[in-house]
Amino acid sequence: MKIRVAQIPTGKVRRLSFYAAAMAFFMMVVEPTHASANMQFYVTIPSETTTPQPASDSDLPVDTTPSLLELDGVKNVDASTMALLSLAIRQVESAREPHGAKLVAKALIAEKYQWGEEQYSCLNKLWTKESNWNYKARNKVSGAHGIPQALPATKMEIVGTDWRTNPVTQISWGLKYINERYDTPCKAWSKFKRSRWY
């Protein structure tokens, strides 16, 4: 018996299967409708050697057994966790703009440092001079990066490995650095006015 099967490039099949698996996992973790449901996903990815070949004159059976990539995860996510995740995502997105970054800094100052409005004013002057509150800011000469202009930029990894793309990580690190090194933003601003760095 001869079987005719359309030949699909294995690489394309694997990419499509991977995307399907990623979407299934994403839906399992994020979809609020299923916030407390148990879900199982199975994605079939054909192996390189088992892709059916066009029929030949041989009567040998074609092995069409796929390999399985199993995403067997039981996720219980309550509504409050989903709300916190949603809030964090919105906070990061708003902080990508200078106005949003300033609001995030104000909120973190109030929550963790209890510095007053005068201290925020010094921080605003400092980071406006350093980066204009641009999370993508990079000093071409020194390599300092981000809103607080960390040097080296990898210092920010103590707060999060997403420091290149996450302005909230940068702000959190910058406030922590100022608190540990200068105690207050106004002292850091004074240092900056004297030496053009802090």
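Among the residues making up the range 189-198, a single one is closer than 17 Å to N139 by Cβ, in contact with a helix residue (DSSP H, G or I) (Cβ under 7 Å, 6 or more places away or on another chain) and among the hydrophobic types (A, V, I, L, M, F, W, C): F192. Among the residues of this structure, I147 does not count as one that is of a type in the set (A, V, I, L, M), in contact (Cβ under 8 Å) with a residue 40 or more places away in the chain and within 17 Å of K187 (Cα to Cα). Pairs meeting the criteria (first residue in the range 165-187 and assigned by TED's automatic domain parsing to the domain that holds E117, second residue basic (K, R), beta carbons under 6 Å, at least 6 apart or on different chains) are P167/R96.
The values are calculated or read from the model by the stated rules, or taken from the named source; none is laboratory data. Quick caveat, the model's predicted, so the values are computed rather than measured. No Cβ is skipped: glycine too gets one built from the backbone with ideal geometry, and neighbour counts run over all protein chains shown.
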